[in-house]
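Single-structure report; data block below.
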Amino acid sequence: MNVEKTGGRPFGSGRCSSLSGSPGAAPVVHRMVEAMSQLREEKAQLQEELVALRERLAVRDSEQQATSTQLQNQVEHLKEKLISQAQEVSRLRSELGGTDLEKHRDLLMVENERLRQEMRRCEAELQELRAKPAAPCAGCEHSQESAQLRDRLSQLQLEVAENKGLLSELNLEVQQKTDRLAEVELRLKDCLAEKAQEEERLSRRLRDSHETIASLRAQSPPIKYVIKTVEVESSKTKQALSESQARNQHLQEQVAMQRQVLKEMEQQLQSSHQLTAQLRAQIAMYESELERAHGQMLEEMQSLEEDKNRAIEEAFARAQVEMKAVHENLAGVRTNLLTLQPALRTLTNDYNGLKRQVRGFPLLLQEALKSVKAEIGQAIEEVNSNNQELLRKYRRELQLRKKCHNELVRLKGNIRVIARVRPVTKEDGEGPEATNAVTFDPDDDSIIHLLHKGKPVSFELDKVFSSQASQQDVFQEVQALITSCIDGFNVCIFAYGQTGAGKTYTMEGTPENPGINQRALRLLFSEVQEKASDWEYTITVSAAEIYNEVLRDLLGQEPQEKLEIRLCPDGSGQLYVPGLTEFQVQSVEDINKVFEFGHTNRTTEFTNLNEHSSRSHALLIVTVRGVDCSTGLRTTGKLNLVDLAGSERVGKSGAEGSRLREAQHINKSLSALGDVIAALRSRQGHVPFRNSKLTYLLQDSLSGDSKTLMVVQVSPVEKNTSETLYSLKFAERVRSVELGPGSRRTELGSWSSQEHLEWEPACQTSQPSARAHSAPGSGTTSRPGSIRRKLQPSA
Ligand code: ADP
Ligand code: MG
């Protein structure tokens, strides 16, 4: 208790100090009187103070009374509040208390258990179903559907498992919440107990305070102290009250919080209820689906069972029928077996016999093979010798044929002259000059009559073709010569006569009616093809012209180039023309191309081709090279087809300049041709081949063993009789020349007893190709040091 605070003095201490100061003398009495007066003053003062205090106490008392009643009221109110809160708590407990949650939880657990059981049942059913239909359904039309159902089932199972997980989670949550609720309840209980304690304490204190106040009222002396105590007590009470109020507030907050928690839990519970309902609905759906699948399965199984039964019945019936048949067969087989047994026995015997024979068979076979081999060898030998004999005979026949052919040609003469009279043409005009002056002997086709200046003149030639003779008729006459070229003879065919007498027509002809040139080549191709099994032939073609004693290549790239005739450097005496183009031809198309090319060359060179060609000699040189496949014998024959320049004589006065030069050159070459033939006829030692380019070039084909044909072209009309007479005279002169027997030019890779051989080193190596070096008379493709052989015909 704070005494100083009140400003007064404790009772005890004042009393003690006054007693201890009384003994002593007058000063002491004085001092005592003074002290007495002081004390009296003090007493008065204290009495005044007491009155004041009493007054104040009264006031205080009344105040205390009021405060006490107020407090009492407040306590009452608090008590009421507490009671109502307790009631509220109990109500809440009854409403949402643990028992309800527990009930819910229990219900859910029961529900869960039930669902679990149902699930187990479903699974068992499912397994049963799975086990059942698998075998009979294999390959049946429902298997697909059942597989689908199974898939769906497994899906549903999965979903159920998921839901189970969800449910267990929810259970856990509910459990957790229940635990929390219990905790909260516990706390609430504690709080309430605390509150009750506090209330009790407060009421106790209140009671104490009342008692104190009452006791204070009863005792007046220590009023001051009591008042103080009461004051102090009162403030304490107030403090306790405020504390309890704060506590109350806190409790109220806690209750509100608990309410909030409860609300949340309610919500959670509600959501879990919803989830449960959903799950239940799903499970119901699955169940219905399961039921449906189960029903379908049952139906399918039933139908399958029926099918199976039916099939079994049918199979049984069929099997019975088959069995019956098999039984019958068996019976037949048994009887057959009985009959077959003896046959088998004989067969076994036969087999054994055969086996024994087979053992000896290889030996027999070897012997047989040996004898057959010997026979075959003998037969082959015979055939071989026969073949040899046949080959020998064939060769002999060939020789004989050639001999006969040569004999024929010889009989016909090595130089043969034929005349061909062209028909009268428009160009001949009309009038007496265009009258026909040529007639024929109806009994002798070698006689021609010419009416020259009114005088009939007759000529005998090897053959005379009238104007009616066709190109083919003429060709028939020269055919034999051309064939001999294949056999390796050199041949010359000249067309001689005045310009316009038909030389070019006979040699070249027209595209529709070709002449000797083209027909000869065609014949060569066909002959060569016929012999293709024994002989390998290559045919090459060159074309040249001689104009004003200059030799040009008509197939070359540069036709204006002058070509020279040279002696082969090998000393064989053979001639060749360096740079003369040779084309190998294999078909009529090739020939046409060659002729066209030559013609184009000539046309581009000369503006007036007709005029030019009548003043130049055109030569087509065909070389035929052959190899006998069996013997290796090589032959080379050359066919020279010459369209000579016009033979008309140019009057010395009438021509001058280039025309005169041309005429001189033509005259020179034609008379050189005549001279050469004359020299050959009279077998002179010297034949003047070199007098003209033409004779020099054709030396090989004119000399000794060659064959020559001259076609003398004749114009039938009156105005040409002088030239016709001249031509026919020339022809007759040429015809009387006798060439030596035709010789054949061959090469052979081996020696032969009957044949005279001489060495001939190769002078040129041209293969048929453009721009090759060709040597007239030789033209063979040969190896260096190959042997050239001259066959003496009719040896
Ligand atoms: P050359 O070459 O001798 O100068 P051509 O061959 O050019 O003579 O002939 C002169 C003309 O006579 C040409 O129009 C030719 O068609 C014609 N002719 C020549 N011979 C015959 C014949 N046998 N049949 C028909 N027409 C011919
Ligand atoms: Mg002509």
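The values are calculated or read from the model by the stated rules, or taken from the named source; none is laboratory data. Please read these numbers as outputs of a predicted model, since none were measured by experiment. Here the Cβ positions follow ideal geometry from the backbone for every residue, glycine too, while neighbour counts run over all protein chains shown. To get the accessible areas, we keep the full protein, side chains included, count just its heavy atoms, and leave off ligands, DNA and RNA. Shrake-Rupley method; radii C 1.70, N 1.55, O 1.52, S 1.80 Å.
Go through the residues of segment 207-220 one by one and say whether even a single one is outside any helix (DSSP H, G or I), modelled with pLDDT under 85 and under 22 Å from R60 (Cα atoms). So far as segment 207-220 goes, yes, one or more of its residues are outside any helix (DSSP H, G or I), modelled with pLDDT under 85 and under 22 Å from R60 (Cα atoms). Among the residues in segment 583-597, are any within 16 Å of ligand 2 (Cβ to nearest atom), modelled with pLDDT under 80 and within 26 Å of R522 (Cα to Cα)? No, segment 583-597 contains no residue that is within 16 Å of ligand 2 (Cβ to nearest atom), modelled with pLDDT under 80 and within 26 Å of R522 (Cα to Cα). Considering each of L411, L391, L400 in turn, give the residue that is at pLDDT below 90, open to solvent by less than 70 Å² (accessible area, probe 1.4 Å) and of a type in the set (A, V, I, L, M). Exactly one residue qualifies, and that residue is L391.
Filtered by the rule that a residue be farther than 19 Å from L728 by Cβ, more than 16 Å from ligand 2 (Cβ to nearest atom) and open to solvent by less than 10 Å² (accessible area, probe 1.4 Å), segment 666-696 gives A672, V676, A679, S692, T695. Residues to consider are E266, E289; find the one that is within 28 Å of Q148 (Cα to Cα), open to solvent by less than 100 Å² (accessible area, probe 1.4 Å) and in contact with a helix residue (DSSP H, G or I) (Cβ under 8 Å, 6 or more places away or on another chain). On inspection, the qualifying residue turns out to be E289. As a summary of the residue check, R522 satisfies the conditions (1) at pLDDT 95 or above; (2) away from ligand 2 (no atom under 16 Å from the Cβ); (3) basic (K, R) except for the one numbered (1). Annotation note: Cβ proximity below 6 Å between a residue of segment 432-453 that is more than 10 Å from A419 (Cβ to Cβ) and without any contact (Cβ under 8 Å) to a residue 12 or more places away in the chain and a residue that is hydroxyl-bearing (S, T, Y) and not in a loop (DSSP other than H, G, I, E, B) (sequence gap 6+ or interchain) occurs for H449/T439; H449/S458.
Here's the yes/no breakdown for (1) in contact (Cβ under 8 Å) with a residue 24 or more places away in the chain; (2) in contact with an Asp or Glu (Cβ under 6 Å, 6 or more places away or on another chain); (3) within 30 Å of K426 (Cβ to Cβ):
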site: I666; (1), (2), (3): yes, no, yes
site: S669; (1), (2), (3): yes, no, no
site: A672; (1), (2), (3): no, no, no
site: R683; (1), (2), (3): yes, no, no
site: F689; (1), (2), (3): no, no, no
site: S701; (1), (2), (3): yes, no, no
site: N720; (1), (2), (3): yes, no, yes
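Considering the conditions (1) exposed (fewer than 15 other Cβ atoms within 10 Å of the Cβ); (2) within 16 Å of ligand 2 (Cβ to nearest atom), Q529 is excluded by exactly one of them, (2). Of the residues making up segment 503-515, those that are within 13 Å of ligand 2 (Cβ to nearest atom) and more than 13 Å from V642 (Cα to Cα) number 2. Of a type in the set (V, I, T), more than 16 Å from ligand 1 (Cβ to nearest atom), touching a strand residue (DSSP E or B) at 6+ places or on another chain (Cβ under 7 Å) and not in a strand (DSSP E or B), is that true of V528? It is true that V528 is of a type in the set (V, I, T), more than 16 Å from ligand 1 (Cβ to nearest atom), touching a strand residue (DSSP E or B) at 6+ places or on another chain (Cβ under 7 Å) and not in a strand (DSSP E or B).
Residues in segment 145-155: is at least one farther than 30 Å from V261 by Cβ, open to solvent by 40 Å² or more (accessible area, probe 1.4 Å), modelled with pLDDT under 75 and not polar (S, T, N, Q)? Yes: segment 145-155 contains one or more residues that are farther than 30 Å from V261 by Cβ, open to solvent by 40 Å² or more (accessible area, probe 1.4 Å), modelled with pLDDT under 75 and not polar (S, T, N, Q).
For segment 274-286, the set of residues classified as open to solvent by less than 60 Å² (accessible area, probe 1.4 Å), in contact (Cβ under 8 Å) with a residue 40 or more places away in the chain and more than 60 Å from the chain's Cα centre (by Cα) consists of L275, T276, listed by residue number.
Contact map, segment 43-64: residues that are closer than 25 Å to K236 by Cβ paired with residues that are open to solvent by less than 100 Å² (accessible area, probe 1.4 Å), Cβ distance under 7 Å, separation 6+ or inter-chain. Pairs shown: L53/K224; L57/I223; L57/I227; R60/I227; Q64/I213; Q64/V230; Q64/S234. Can you find a residue in segment 509-523 that is without any contact (Cβ under 8 Å) to a residue 60 or more places away in the chain and away from ligand 1 (no atom under 16 Å from the Cβ)? There is at least one residue in segment 509-523 that is without any contact (Cβ under 8 Å) to a residue 60 or more places away in the chain and away from ligand 1 (no atom under 16 Å from the Cβ).
Among the residues of segment 507-520, are any among the basic types (K, R) and surrounded by fewer than 16 Cβ atoms within 10 Å (Cβ to Cβ)? So far as segment 507-520 goes, no, none of its residues is among the basic types (K, R) and surrounded by fewer than 16 Cβ atoms within 10 Å (Cβ to Cβ).
For segment 182-215, a residue qualifies if it is open to solvent by 50 Å² or more (accessible area, probe 1.4 Å), within 17 Å of L78 (Cβ to Cβ) and among the acidic types (D, E), and the qualifying residues are E194, E199, E200. Pairing residues of segment 74-97 that are loosely packed, with under 12 Cβ neighbours inside 10 Å with residues that are at pLDDT 70 or above, at Cβ distances under 7 Å and at least 6 apart in sequence or on separate chains, gives no pairs at all.
In segment 629-672, the residue that is farthest from ligand 1 (Cβ to nearest atom) out of those that are at pLDDT below 90, of a type in the set (A, V, I, L, M, F, W, C) and in a helix (DSSP H, G or I) is L660. So in segment 480-505, with the set limited to residues that are in a loop (DSSP other than H, G, I, E, B) and away from ligand 1 (no atom under 16 Å from the Cβ), which one is surrounded by the fewest Cβ atoms within 10 Å (Cβ to Cβ)? Looking at the filtered set, the residue picked out is D487.
Determine, yes or no, whether A480 is within 16 Å of ligand 2 (Cβ to nearest atom) and touching a residue at least 12 places away in the same chain (Cβ under 8 Å). Here the answer is no, as A480 does not meet what is asked. Consider segment 168-179 and keep the residues that are touching a residue at least 24 places away in the same chain (Cβ under 8 Å) and open to solvent by 70 Å² or more (accessible area, probe 1.4 Å). The one that is nearest to Q85 (Cα to Cα) is Q175.
Taken over segment 552-568, the criterion of being more than 16 Å from Q584 (Cα to Cα), open to solvent by less than 80 Å² (accessible area, probe 1.4 Å) and either of a type outside the set (D, E, K, R) or modelled with pLDDT under 90 (or both) is satisfied by P559, E561, L563, I565, C568.
Of the residues making up segment 428-443, those that are surrounded by 11 or more Cβ atoms within 10 Å (Cβ to Cβ) and either under 60 Å from the mean Cα position of the chain (by Cα) or in a loop (DSSP other than H, G, I, E, B) (or both) are G429, T435, A437, D441. Among all positions in segment 595-611, there is no residue which is open to solvent by less than 20 Å² (accessible area, probe 1.4 Å) and β-branched (V, I, T).
Based on this model, can you work out whether S542 counts as open to solvent by 20 Å² or more (accessible area, probe 1.4 Å) and away from ligand 2 (no atom under 16 Å from the Cβ)?
no
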